[in-house]
Amino acid sequence: MKVGVFDSGLGGLTVVSSIENIFKGGELFYVADTEYSPYGEKSATEILNRCENITNYLIKTHQIEALVIACNTATSAAITHLRTHFPSLIVIGTEPGVKPAILKTQTSNVGVLATPATLKGDKYQLLVNELSNIKKVTLYEQACIGLVEQIENGETNSPKTFQMLENWLLPMKNNNVDTIVLGCTHYPLVEDTIKKIMGNETTIISTGDAIANRLKLLSQEKGHINEGSLKIDICHTGNINHQMIKKIVKNKNIKIRKCTI
């Protein structure tokens, strides 16, 4: 099974890390679209066009059979379009883990950290509306402008990143939030900092493992035998932090190169 995965940068590698834990015997081609990062501050039309271009590239260059949109913002903007235009392709998206957060919270106060585009997107709004009947909770939503750029620069533990997160999280802590939804695949890379501010007892919800399990299930339904090694090929459209890649992805045999899309 040949699998394409993409995001605006390093964030989607947190999903790749989950995939490599359970998905075997395939080839994974990751596009870090750093030239167009961050997606979260672009228009829905710009994001959709970019997603279609990347998908065409992955099909033409690597003959992928499955596609993982490892980005909440891109999923919201493009997943319906991609499923319609590439009907033979397994297409798996990423959405904030609001449902598990609602089920796990004890205080009924849930924080959601996401990009502006994700929070404004129809997919997120529909998700919240659908889940509102499960249990009455208060959502504290925060658009984390600039956080993706900090992470892309490798500043996951810098004083500036800590201060940004503290400004966003302290109001949630003061409102008895006990569960935080990471609504961007970049944000697991600052999970330790989030826990320093909120406390280790805070429940953190990310979606990498759920995506990996979904890929395994759908690929096996297509006849994939989940055995053997997983090859990982990473390409980036702009500059990228190579040291961060090595911190996130465990596979030591990955290929990293620059590409034009």
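The values are calculated or read from the model by the stated rules, or taken from the named source; none is laboratory data. Only a predicted model underlies this, so the values are computations on that prediction, with no experimental measurement involved. Reconstructed Cβ throughout: ideal geometry from the backbone, glycine too, with neighbour counts over all protein chains shown.
Step by step: first the residues of the stretch 199-233, then only those that are within 20 Å of residue 13 (Cα to Cα) and small (Gly, Ala, Ser), then the one that is surrounded by the fewest Cβ atoms within 10 Å (Cβ to Cβ). Which residue is that?
229
From 133, 129, 167, 153, grab the single residue that is under 16 Å from residue 198 (Cβ atoms) and of a type outside the set (D, E, K, R). Working first, answer last.
Details: 133 fails: under 16 Å from residue 198 (Cβ atoms); 129 fails: under 16 Å from residue 198 (Cβ atoms); 153 fails: under 16 Å from residue 198 (Cβ atoms).
Exactly one residue qualifies, and that residue is 167.
Would you check if residue 88 is crowded, with 17+ Cβ neighbours inside 10 Å, farther than 17 Å from residue 124 by Cβ, in the same structural domain as residue 254 (by TED's automatic domain parsing) and of a type in the set (S, T, N, Q)?
On the way: crowded, with 17+ Cβ neighbours inside 10 Å: no; farther than 17 Å from residue 124 by Cβ: yes; in the same structural domain as residue 254 (by TED's automatic domain parsing): yes; of a type in the set (S, T, N, Q): yes.
In short, no.
Among the candidates 29, 6, which residue alone is more than 24 Å from residue 120 (Cα to Cα), outside the structural domain of residue 187 (by TED's automatic domain parsing), of a type outside the set (A, V, I, L, M) and surrounded by 21 or more Cβ atoms within 10 Å (Cβ to Cβ)?
Numbers: 6 fails: more than 24 Å from residue 120 (Cα to Cα).
From the options 29, 6, the qualifying one is 29.
Among what's in the stretch 172-186 and is part of a loop (DSSP other than H, G, I, E, B) and modelled with pLDDT under 95, pick the residue that is nearest to residue 77 (Cα to Cα).
So in the stretch 172-186, the residues part of a loop (DSSP other than H, G, I, E, B) come out as 175-178, 184-186.
Of the ones still in play, those that are also modelled with pLDDT under 95 are 184-186.
Values: 184: 14, 185: 15, 186: 18 Å.
Ranking the qualifying residues of the stretch 172-186, first place goes to 184.
Quick check, is residue 110 of a type in the set (A, V, I, L, M, F, W, C), in the same structural domain as residue 164 (by TED's automatic domain parsing) and outside any loop (DSSP other than H, G, I, E, B)?
Values: of a type in the set (A, V, I, L, M, F, W, C): yes; in the same structural domain as residue 164 (by TED's automatic domain parsing): yes; outside any loop (DSSP other than H, G, I, E, B): yes.
In short, yes.
Just one of the numbered conditions (1) of a type outside the set (A, V, I, L, M, F, W, C); (2) surrounded by fewer than 24 Cβ atoms within 10 Å (Cβ to Cβ); (3) modelled with pLDDT under 95; (4) more than 18 Å from residue 92 (Cα to Cα) is not true of residue 21; which one?
Every listed condition holds for residue 21 apart from (4).
Taking residue 133, is it without any contact (Cβ under 8 Å) to a residue 12 or more places away in the chain, outside any helix (DSSP H, G or I) and out of contact with any Phe, Trp or Tyr (no Cβ under 6 Å at 6 or more places or on another chain)?
Values: without any contact (Cβ under 8 Å) to a residue 12 or more places away in the chain: yes; outside any helix (DSSP H, G or I): yes; out of contact with any Phe, Trp or Tyr (no Cβ under 6 Å at 6 or more places or on another chain): yes.
Yes: the conditions hold for residue 133.
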